[in-house]
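Asks: Please see the structure below; I have some questions.
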Amino acid sequence: MPLLDVPHTLCQSCRQCCHFFLPPEMTPFASREESGHLPPEFHPTKEPIALLVGTREGFPVSTCSRLEESSFSCRSWPEHPLDCRIYPLVFTIEQGEPFIALDTTCPYAAEKPASWFQEKAMELRDRYWNAWTIEHKKALCQQFALDTFPERRLLLRLDTFLP
C-alpha cells in the first residue's frame, strides 16, 4: 500500500518526476554509486537504476531508465524505490539534522493541507526511519546531504541516532 497516493493523471500532466536536471542531486538513491548501505526499501528489485542522459525542452536532463515515456509509468511499479514512492515527501538535511520535508515544486503539494503531509511524514518516520539501523540512517544522511530542494517545507525533524 503506497504511503502517498498521488493521482497518476496529475503526474501525467506535470511530468516533473523521473527527470533530473542536476545529477546526482534529487535522483533516486538507487541510481547513485554510493548506495550500497541503504535500507532494502530503496532497492526493492535489487536492480540498479540507470540515468539516461538527454535533453528536455532544450535543457540537459537525466531520465530514470525505469520510466516508460509514452505512458509516463514506472516499469518497476509497484516495486519502485521508497524515495520515489513517497514523493513529494523527501528526506533532507537542514543544518546537519535529518528531516522529512515537502518538495513544494510538486503540484500535489498544493492538493492537500499541510497537516495531511505532516501526518504522512509521521507515518513515514514510524514505519521506516524508526525501524532502520543506525548504519542505514548514516548511509541515508550521506545521501540526503547531496540533495537540494530549494523550495521545500520542513515537516518533521528525525532523531539524529547518535549516542
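Asks: Got a sec? How would 21, 99 order by Cβ neighbour count within 10 Å, fewest to most?
Replies: 21, 99
Asks: Just want the ordering: 53, 61, from fewest to most Cβ atoms lying within 10 Å of their own Cβ.
Replies: Ascending number of Cβ neighbours within 10 Å: 53, 61.
Asks: What's the local net charge at residue 89, with K and R +1, D and E -1, over the other residues with C-beta under 15 Å away?
Replies: Local net charge: -3.
Asks: So how much slack lies between residue 116 and residue 16, counting 0.36 nm per residue of separation and subtracting their Cα-Cα distance, in nm?
Replies: 33.8 nm
Asks: Where Lys and Arg each count +1 and Asp and Glu each count -1, what net charge lies around residue 101 among other residues with Cβ under 9 Å from its Cβ?
Replies: Charge balance in the 9 Å sphere: 0.
Asks: Compute the long axis of helix 114-127 from its Cα atoms, compare it with the longest principal axis of the Cα atoms of the chain, and write down the angle in degrees, 0 to 90, nearest 10.
Replies: Between helix and principal axis, roughly 70 degrees.
Asks: Let me ask something additional. Quote the charge dipole size of region 8-157 about the Cα centre in Debye, to the nearest 20; the model charges only the Cβ of Lys and Arg (+1) and of Asp and Glu (-1).
Replies: In debye, rounded to 20, region 8-157 gives about 160.
Asks: What is the sum of charges, Lys and Arg at +1 and Asp and Glu at -1, for the other residues whose Cβ falls under 12 Å from the Cβ of residue 5?
Replies: Net charge around residue 5: +2.
Asks: Here is a further query. Would you pull out the residues with amide H under 5 Å of residue 155's amide H, same chain only if 5 or more places away, H placed 1.01 Å from N?
Replies: Hits under the 5 Å cutoff: 100, 101, 102.
Asks: So which GluC sites (Glu not before Pro) in region 70-163 end up in coil per DSSP with only 15 or fewer other C-beta atoms within 10 Å?
Replies: Taking region 70-163 and a limit of 15 other Cβ atoms within 10 Å, the loop GluC sites (Glu not before Pro) found are 79, 111, 151.
Asks: Order of 66, 56 from fewest to most other C-beta atoms within 10 Å?
Replies: 56, 66
Asks: Given a Förster radius of 22 Å and the C-beta distance between residue 133 and residue 4 as r, what FRET efficiency does 1/(1 + (r/R0)^6) yield to the nearest 0.05?
Replies: Between residue 133 and residue 4 the formula returns 0.35.
Asks: Also: Can you bin region 25-135 into rounded, prolate or oblate? Criterion: square roots of the alpha carbon gyration tensor eigenvalues sorted a ≥ b ≥ c, rounded for a/c under 1.5, prolate for a/b above b/c, oblate for the rest.
Replies: It comes out oblate by the Cα gyration axes.
Asks: Just to confirm the number: angle between the C-alpha axis of helix 134-144 and the first principal axis of the chain, 0 to 90 degrees, nearest 10?
Replies: Tilt of helix 134-144: around 40 degrees.
Values in this text are rule-based calculations from the coordinates and carry no lab data. This one's a predicted model, so the numbers in the text were calculated from it and none came from an experiment. For neighbour counting, all protein chains shown are included, and Cβ atoms are generated from backbone atoms with ideal geometry for every residue, glycine included.
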